[in-house]
Amino acid sequence: MSIIIPAYNYAHYLPDAINSIMDQADSDIEIIVINDGSTDNTDEVVQHLLNTHNHGFTYFKQKNQGLAAVRNRGIDLSKGEYICFLDSDDTFMENAISIFREAITSNKAIDMLVAQYYSAYKGGKKKLRGLWELTDSKEDNFKNYVLSADNTFACCSVLYKRHVFNNYQFPIQLRTYEDEPVYAYVLANFSAMNIKKPVAIVRKHEESLRHQIYHGLEVQAADEIFNKDRLPEQLLGYKEAYLGLKHLDQFRTLFLSHDYSSAWATYQKAFPLNKKAALRPNYSRKAVKAWFRK
């Protein structure tokens, strides 16, 4: 099993991430840390950890290229039959690797194993995630993923067989949403199964790259997912509803950043594409407030 840790300006979180693996890893676990051009003290922190763990993991540095490029490089460098990605601000739980091992042993024919995880919030609150059910139907899995804001994955709770990346990897042109096309592609084309145990803790904090605003990436993400060369034809019809959800995601981010004019304009894009989602109270109430405040 190969575990890949992208590192970019999260030096203060990185020891927790690396130690959470090292504390339970055996010789069959390959750990790769890739510094994506960090401008903080990531290099010093990693060197200290290498000395502490007697060089129990490998470390690479590169110019900043973005999260997708780092993950793709990790795939190319890794040797394990199974691959998992742990973001540098997240951690594995103390029994994560044993849970993954047990799942692999019992489900050798499955291409993607999806475990549960905890979202951890400021103040100590945690919420269990990854509770939605995968099925034997690739279409149902794909549809349930792209059309529900609640059916989310965390990269640190997903274990891939290496061969799913033979013909497609993370799209480097996306500065966010870069994992969604991969999840959608694998669900549409490979077998997937739940692991009904939590394996990781995902920190929710203001520094997260997910809170950054990249205008126009909603459309790029939709185009990337709904590529007729990668999807069965019957799945292409879900594109509009998915794009509506992405506009709503961007709308919420803009609203929370107090850019009410842009938020309202984005909500107007989302509404005709996915009226059902746009009318949910968590969106519609914000839309009314954005309209008054713009």
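The table below lists the values:
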| quantity | calculated |
| --- | --- |
| Of all accessible heavy-atom area on the chain, the percent that carbon and sulfur account for (1.4 Å) | 49 percent |
| Per-residue HN-Hα couplings for the stretch 226-240 [Karplus 6.51, -1.76, 1.60; θ = phi - 60°; Hz; x = Gly/Pro] | 8, 9, 5, 7, 10, 10, x, 4, 5, 8, 5, x, 8, 5, 4 |
| Contour excess over end-to-end distance, with Cα ends at Val219 and Gln173 and 0.36 nm allotted per residue | 15.4 nm |
| Separation in nanometres of the label points that stand 7 Å from Cα toward Cβ, at Thr52 and Asn107 | 3.3 nm |
| Length added when fully stretched, Ser27-Phe190, from 0.36 nm per residue minus Cα-Cα | 55.8 nm |
| Per residue solvent-accessible surface (Å²) - the stretch 1-104, probe of 1.4 Å | 42 Å² |
| Cα-based reach from Lys294 at 19 Å (exclusive), listing lysines while leaving out same-chain residues under 8 positions away | Lys269, Lys286 |
| Among beta bridges that DSSP assigns inside the stretch 22-144, antiparallel share in %, nearest 5 | 45 percent |
| Amide proton proximity set for Phe85, modelled H, under 5 Å, gap of 5+ | Ile4, Val158 |
| FRET efficiency estimate (nearest 0.05) - Cβ-Cβ, Ser284 to Arg162, R0 51 angstrom | 0.70 |
| Accessible area, probe 1.4 Å, largest first, for residues Val114, Val288 | Val288, Val114 |
| Reachable lysines from Lys161, criterion Cα separation under 21 angstrom, eight or more residues apart if same chain | Lys79, Lys108, Lys138, Lys196, Lys197 |
| Selected from Tyr82, Tyr121, Tyr13 as most flexible by GNM, with the chain as the system and alpha-carbon contacts under 10 Å | Tyr121 |
| Over the stretch 1-86: Kirkwood hydrodynamic radius from C-alpha pairwise inverse distances, Å | 12.8 Å |
| Local electrostatic count at Ala103 - Lys and Arg +1, Asp and Glu -1, tallied over other residues with Cβ under 11 Å | +3 |
| Local electrostatic count, Ile31, Cβ distance below 15 Å [Lys/Arg +1, Asp/Glu -1] | -4 |
| Net lengthening on full extension, Glu94/Leu147 (0.36 nm per residue, minus Cα-Cα) | 15.8 nm |
| Nearest 10 degrees, 0 to 90: helix 180-189 Cα axis against the chain principal axis | 80 degrees |
| Computed label-point distance, nm, for sites Asp40 and Ala241 using a 7 Å Cα→Cβ extension | 4.0 nm |
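The values are calculated or read from the model by the stated rules, or taken from the named source; none is laboratory data. On a predicted model such as this, the values are computed, not experimentally measured, just so you know. Every residue, glycine as well, gets a Cβ built from its backbone with ideal geometry; the counts of neighbours run over all protein chains shown. These accessible areas exclude ligands, DNA and RNA; they are computed on the full protein's heavy atoms, side chains included. Shrake-Rupley method; radii C 1.70, N 1.55, O 1.52, S 1.80 Å.
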